[in-house]
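The structure under discussion appears below in the form of structure tokens.
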Amino acid sequence: MNIVILAAGVGKRMHSSTPKVLHRLAGRALLAHVLDTAKQLSPKLICVVYGHGGELVRQAVEESGAIWVVQEPQLGTGHAVMQAAPHLDERWPTLVLYGDVPLIRAETLRHLVEETGTGLGLLTATVDGPTGYGRILRNGKKVVGIVEEKDANARQRALREINTGIVVAPTKKLKAWLAKLQNNNAQKEYYLTDIVALATKERVPVAAIQAEAAWEALGVNSRAQLAELERIYQRRLAASLMEQGVALADPSRCDVRGKLACGRDVAIDVNCVFEGEVNLGDRASVGANCVLKDVTVGAGTRIEAFCHLEDADIGADCRIGPYARIRPGTRLAAKVHIGNFVEVKASSIGAGSKANHLSYIGDSEVGSNVNVGAGTIVCNYDGANKHRTVIEDDVFIGSDSQLVAPVRVGRGATLGAGTTLTKDAPAGELTLSRAKQVSIPGWQRPEKNK
């Protein structure tokens with residue numbers, strides 16, 4: 001089939017300089033959701049009609065396989081489809097979708113196309129609050145027309161079966177009907193819905209197929225409607241996660257703005273946000289008020305409350321937080337502890353290492369079984385460039401230390417509390433620099449009492 005997506009509207013009621021189809025639902029533009037659904041139908045052609053916002057729309061939702069057609073000026077839905085008509089192959093039917101109706105399901109559209117056959121198919125829905133939508137006019141069960149609300153009388157406005165605007169039609173006939181459209185209505189626009197009356201006049205069968213759920217056909221014309229659709233989307237996603245075995249403390253307080261994949265026995269507390277692609281391994285848990293973006297979390301890892309993780313790879317059986325920030329480029333091996341008010345950026349940390357309190361580790365390679373004392377920071381920026389720090393295995397760093405990069409701490413070394421390290425610390429020795437940097441040969445680290 002051909003698919004035409006109408007995305008030229010102004011969206012006056014949004015009161016925004018952002019084109020309506022670029023407002024976000026679940027972290028992505030409304031138009032991006034519709035394009036994804038369209039591609040699930042494997043069409044021969046997708047044509048996007050854009051207008052308000054111009055190239056901004058095209059740049060924000062780049063779709064290499066689509067044909068982009070500008071509608072200028074915007075003179076209604078019928079006029080919009082006219083702009084796409086020269087690109088439509090008459091061998092296939094044409095399905096018309098809307099860039100501000102993001103929740104429509106591919107299964108519903110397949111059903112519409114199959115039930116319509118060679119005639120004209122309309123997707124309708126029965127809603128409790130039909131205000132703002134065109135009403136379906138019937139003679140018994142037969143559809144005879146659609147009336148827009150601005151042109152409807154009181155009896156017609158009381159009807160609850162609405163036109164979603166989504167239609168499928170034989171392309172050759174659609175082009176002929178578009179050529180006959182008139183703009184003698186309150187808006188002085190060319191309505192795509194007027195093709196119903198033209199089809200009826202020509203005795204072309206008109207099928208009105210109801211969407212299984214009314215929310216599929218809901219469009220976005222205001223901030224309130226956008227918020228309503230966001231909650232519908234998130235509720236459905238939460239229900240799907242729980243069906244897979246994920247324990248959500250409160251399904252109404254979990255937001256997924258991308259893709260969330262979960263293993264077995266995953267637990268998620270309230271007010272968590274997942275962006276981009278997030279993978280949670282078996283038995284992983286996420287505490288309240290956390291934000292995870294493009295993160296992989298290993299099995300058995302516990303992320304405590306109020307943590308922010310982005311573009312990171314977290315190993316198995318780690319403990320993160322509370323109040324920890326893991327920044328892009330961080331890779332943690334198994335059983336790493338990152339504690340409260342610790343920030344890690346563009347660093348790798350080896351298995352069993354710990355930084356439990358009030359520390360900053362940036363642009364560093366940290367080995368295994370390293371202990372980073374409270375208040376330790378890596379001074380990775382000289383005011384112009386970033387430099388790397390290497391901390392080898394089994395190092396103990398005393399509290400309130402500063403490591404001025406580039407610097408290396410040798411295997412098994414100890415830095416005394418309050419040290420400012422500006423030179424490499426030798427392996428296996430105690431290094432102090434409270435007044436000046438001193439290395440003590442032969443010093444032995446105390447052992448824990450058994």
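The values are calculated or read from the model by the stated rules, or taken from the named source; none is laboratory data. Just so it is clear, the structure is predicted and the values come from calculations on it, not from any experiment. Virtual Cβ from ideal backbone geometry, glycine too; neighbours counted across all protein chains shown. The accessibility values were calculated without ligands, DNA or RNA, using every heavy atom of the protein model including side chains. Shrake-Rupley method; radii C 1.70, N 1.55, O 1.52, S 1.80 Å.
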Practice task
Between Asn340 and Lys450, with labels modelled 7 Å along Cα→Cβ, what's the label distance in nm to one decimal, could you check?
Solution key: 3.5
Problem - Simple label model, 7 Å out from Cα along Cβ direction - Arg203 to Gln225, nm - result: 3.8
Exercise for the section: Could you tell me the number of lysine pairs in the stretch 161-318 with C-alpha atoms less than 17 Å from each other, where the two lysines are 8 or more residues apart or belong to different chains? Expected result: 7
Handout entry: Computed helical MRE - 222 nm, the chain, DSSP H runs ≥ 4 contributing -39500 (n - 2.57), nearest 500
Key = -5000 deg cm²/dmol
Handout entry: Signed unit charges on C-beta, dipole axis of the chain, positive-most listed residue Ala197, Leu292, Ala179
Key = Ala197
Practice task
Check cross-link reach from Lys436 to the lysines: straight Cα distance under 21 Å, and skip same-chain residues fewer than eight apart.
Solution key: Lys423
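Would you mind working out the accessible area per residue for the chain, using a 1.4 Å probe, and quoting it in Å²?
Numbers: 20880 Å² over 450 residues.
Dividing the accessible area of the chain by its residue count gives 46 Å².
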Problem - Cut-off 17 Å (backbone N to label point 7 Å along Cα→Cβ of Tyr323), residues of the stretch 338-362 - result: 338-344, 355-361
Fill in the blank from the handout: The aspartates and glutamates whose Cα lies under 19 Å from the Cα of Lys150, excluding any fewer than 8 residues away in the same chain, are Asp128, Glu161, Glu189, Asp194
Handout entry: Relative contact order computed over the stretch 1-133 (Cα-Cα under 8 Å; 6+ residues apart), in percent
Key = 34
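To check you understand DSSP bridge types, tell me what percent of the beta bridges within the chain (both residues inside) are antiparallel, rounded to 5.
20
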Completion exercise
With R₀ set to 30 angstrom, the calculated FRET efficiency between the beta-carbons of Ile232 and Arg91, to the nearest 0.05, is 0.25
Handout entry: Residues of the stretch 139-173 with amide N under 17 Å of a point placed 7 Å along Cα→Cβ from Asp128
Key = 159-162
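What percent does the relative contact order of the chain come to when contacts are Cα pairs within less than 8 Å and at least six residues apart?
So the answer I get is 8 percent.
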Exercise for the section: Quick one: what are the phi-derived ³J(HN,Hα) couplings along the stretch 128-141, Karplus 6.51/-1.76/1.60 with θ = phi - 60°, whole Hz, x for glycine and proline? Expected result: 6, x, x, 4, x, 9, x, 9, 7, 9, 10, 10, x, 8
Problem - Count, lysine Cα pairs under 29 Å in the stretch 7-148, 8 or more residues apart or across chains - result: 4
Exercise for the section: Among the lysines, select those whose C-alpha is under 20 Å from the C-alpha of Lys335, and discard any that sit fewer than 8 residues away in the same chain. Expected result: Lys345, Lys354
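Once you order the gyration tensor axes a ≥ b ≥ c over the Cα atoms, which shape class does the stretch 1-124 get: rounded for a/c under 1.5, otherwise prolate or oblate by comparing a/b with b/c?
prolate
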Fill in the blank from the handout: With DSSP loop assignment and no more than 15 other C-beta atoms within 10 Å, the GluC sites (Glu not before Pro) in the stretch 1-77 are Glu62
Problem - Two-site label geometry, Gln182 and Asn369: point separation in nm, points 7 Å out along Cα→Cβ - result: 8.9
Practice task
May I ask you to derive the relative contact order of the stretch 312-450, considering only C-alpha pairs under 8 Å and at least 6 residues apart, and to give it as an integer percent?
Solution key: 13
Practice task
Kindly identify the stretch 333-381 as rounded, prolate or oblate by the Cα gyration tensor criterion: order the square roots of the eigenvalues as a ≥ b ≥ c, call it rounded if a/c is under 1.5, otherwise compare a/b with b/c, prolate if a/b is larger, else oblate.
Solution key: oblate
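Summarise the accessible area of the chain (1.4 Å probe, protein heavy atoms) by the percent that is carbon and sulfur.
Roughly 49 percent of what the probe reaches on the chain is carbon or sulfur.
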